[in-house]
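Below is one structure, written out as C-alpha cells; comments come after it.
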C-alpha cells in the first residue's frame, strides 16, 4: 500500500530507519564510511522519489537495497575498492531487476553490533558518545557539536579519528560473547546515560533526552534478558516523566520537592514503574536498576511528605554498596534527613565535605540542613559557598532565590 | 589475521625489580609466550636494553650522522615488545591484558599498518 507522504512523515521514517540501514550496510559493505555514504545516497533518492511515488511498504529494505547499489556503483568507479566490491556483490540481486527487493531488509542484530562497535572500550568516552549519536541516531556532526558545546571542527575530527581507529585497529563488528557481556555492557549503557544527562541538564536539549530513550528502548528490545538494560530504560523514563514539572511558568528550575506532580507524564511513569517491577522479578540488581527503583518510589508518592523515605534510604544503601561514591553518599544523606532528622544527616554531609568540597550541591544540601536546624548564619554562608561553585544559570537562580528567602 | 605490537611501557624513573621479582616476571613471561605459541598467535618477543644503550642514525644530506643515546628522552620508554598475529582488536586486547598481568607494567597495543 503506497501513499503520498508529507515531508514530516518522510523525516520521521528517515530518523527511524537511519541507524538500522547504516548498521546493516556496515556489515554488508564491511566499512562504516561506505555504509554512511550509501545511506546518504539512498536518502537523496528517497527524498526525490517518495513524495511522488509514495513510501514503499518496507522503507528500511528499500533504503538498504538502494544504498547497496549506490555503494557498488561507487566501488566500481574506484579500483581500490575491488576487494570490498566482492563482498557486497555476494548479496546483490540480479542486475535485470530494477525494483528493490523489500524482503532483504535491515537485520536488528546489526544495530546491536553497531552499538557495541561504537561503544568499544578502546575508544574514549566522548568518541563513543559522538559515534553512537552519529551512526545510530543519525544526528549531524553540527548537532552533536552543539549539544556538547564543542566547535564543529573538533567534533568532526573526533568522529573521523574514531572511525579511523575502528578500521585501522580492527575493532570487530560483532556482539560480544555472553562471557564478555558483563565487561562490555556497562560501557554501552554509560554512553546512553551520558546522552540522556546532557539532554536532561537543560530544557533546550530535549531532543538528546529523547534520543537516549530511543537508544535505551532499542537495547531493551534487543537484550530483553539484561535487567540493567531494563533498569536504565526505567530510570530514563521516570526521570524524563518529570520534565513538564521541572520548569516553572517563568522558566526557573523547580526541585523535586516543589514539583506539581499532576504535571508528570503519566504514561512514562507507568512504563517506568512496570520496568522496575520486571527488574525486581529478575532479582539481579545493578546500579541502573537501583536508581530506577529510587525514582519509582518518588513516582509512587503524591508528594514529598508521603514519600517512603525509609525505602529510599535502603535503596541508597544498596546503591552505595554497588557503586561507592561520595555523591551517592550525599544523596543518601538527603533521604536520611527525612527519616533520622537533619542533625544526623548533617553529620554525614560534614564527613563528605573534604571529598566534595568543590561540588556546589554539597554546600546547598548543608545549607538546607543547617537552616532546618535553625543555624541561619551558617546556612547563609553555605549557600554562598554553593553559589561560588557553579556557573550554571539555573543552579545559580535557584540558590540565589533560596538565599533571598533566608 | 592482523599483526599487533604489544609494547611494554616502562617508566624511566621506576624502581628496578628485585631479583626475586624479576624471576617471577620472567616465569610469567615464559608461560605467556608458550600460551601464545600454542594459540598460534605468537610472532616475536623480546626485552630491550635500557635506552642509554641506543645509537641513532640520521640522514644529513649525503651523509649519515651517528648519535649516542636515544632519539628523545621520555618519562616512559619501550622496555620490551611482542608481536602477535590475531583476527581483530578484541583478540589483541586479550593478549595485551594477559601481558600486563604477567609483567605488571602498562602495555600499549598498536596495530601494524602493514607487515610482510
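So which residues in region B:55-110 are within 21 Å of residue B:2 (Cβ to Cβ), assigned to a strand (DSSP E or B) and touching a helix residue (DSSP H, G or I) at 6+ places or on another chain (Cβ under 7 Å), if there are any at all?
Passing the criteria: B:82, B:84, B:86, B:107, B:109.
Restricting to region A:172-187, and then to whatever is more than 14 Å from every other protein chain (Cβ to nearest Cβ) and touching a residue at least 40 places away in the same chain (Cβ under 8 Å), can you tell me which residue is surrounded by the most Cβ atoms within 10 Å (Cβ to Cβ)? If you could, list the steps in order and put the result at the bottom.
Filtering region A:172-187 for residues more than 14 Å from every other protein chain (Cβ to nearest Cβ) gives A:178, A:182, A:185-186.
Among the residues that remain, those that are also touching a residue at least 40 places away in the same chain (Cβ under 8 Å) are: A:185-186.
On the way: A:185: 20, A:186: 17.
Here the answer is A:185.
Of the conditions (1) surrounded by 12 or more Cβ atoms within 10 Å (Cβ to Cβ); (2) modelled with pLDDT of 95 or more, residue B:56 satisfies every one except a single condition; which number is it?
It fails just one condition, (2).
From the list A:252, A:245, A:169, A:190, pick out the single residue that is over 20 Å from residue A:139 (Cβ atoms), more than 14 Å from chain B (Cβ to nearest Cβ) and in contact (Cβ under 8 Å) with a residue 40 or more places away in the chain. Give the steps one after another, and end with the answer.
Working: A:245 fails: in contact (Cβ under 8 Å) with a residue 40 or more places away in the chain; A:169 fails: more than 14 Å from chain B (Cβ to nearest Cβ); A:190 fails: over 20 Å from residue A:139 (Cβ atoms).
Of the residues listed, the single one that is over 20 Å from residue A:139 (Cβ atoms), more than 14 Å from chain B (Cβ to nearest Cβ) and in contact (Cβ under 8 Å) with a residue 40 or more places away in the chain is A:252.
Which of the numbered conditions does residue A:219 fail, given that it passes all the others? Conditions: (1) in contact with a helix residue (DSSP H, G or I) (Cβ under 9 Å, 6 or more places away or on another chain); (2) surrounded by fewer than 19 Cβ atoms within 10 Å (Cβ to Cβ); (3) closer than 18 Å to residue A:287 by Cα.
Evaluating residue A:219 over (1) in contact with a helix residue (DSSP H, G or I) (Cβ under 9 Å, 6 or more places away or on another chain); (2) surrounded by fewer than 19 Cβ atoms within 10 Å (Cβ to Cβ); (3) closer than 18 Å to residue A:287 by Cα leaves (2) as the failure.
Which residues, counting only those in region A:25-70, are in a loop (DSSP other than H, G, I, E, B) and touching a helix residue (DSSP H, G or I) at 6+ places or on another chain (Cβ under 9 Å)? Break it down into steps so the answer makes sense when it comes.
Within region A:25-70, the subset in a loop (DSSP other than H, G, I, E, B) is A:30-31, A:54-58.
Listed by number, the residues that qualify are A:30, A:31, A:55, A:56.
Whether any residue in region A:127-141 is within 14 Å of chain B (Cβ to nearest Cβ) and either touching a strand residue (DSSP E or B) at 6+ places or on another chain (Cβ under 9 Å) or closer than 25 Å to residue B:88 by Cβ (or both) is what I want to check. Full working, then the answer.
Going residue by residue through region A:127-141, those that are within 14 Å of chain B (Cβ to nearest Cβ) are none.
Within region A:127-141, none of the residues are within 14 Å of chain B (Cβ to nearest Cβ) and either touching a strand residue (DSSP E or B) at 6+ places or on another chain (Cβ under 9 Å) or closer than 25 Å to residue B:88 by Cβ (or both).
If you scan region A:275-300, which residues turn out to be farther than 20 Å from residue A:185 by Cβ and without any contact (Cβ under 8 Å) to a residue 40 or more places away in the chain?
Going through region A:275-300, the residues farther than 20 Å from residue A:185 by Cβ turn out to be A:277, A:294-300.
Of everything in region A:275-300, those that are farther than 20 Å from residue A:185 by Cβ and without any contact (Cβ under 8 Å) to a residue 40 or more places away in the chain turn out to be A:277, A:294, A:297, A:300.
Inside region B:82-114, can you point out the residues that are more than 13 Å from every other protein chain (Cβ to nearest Cβ) and exposed (fewer than 14 other Cβ atoms within 10 Å of the Cβ)?
Within region B:82-114, B:101, B:104 qualify.
The values are calculated or read from the model by the stated rules, or taken from the named source; none is laboratory data. Treat the numbers as computed from the prediction; the structure is a model and nothing was measured. Every residue, glycine among them, receives a Cβ derived from its backbone with ideal geometry; neighbour counts consider all protein chains shown.
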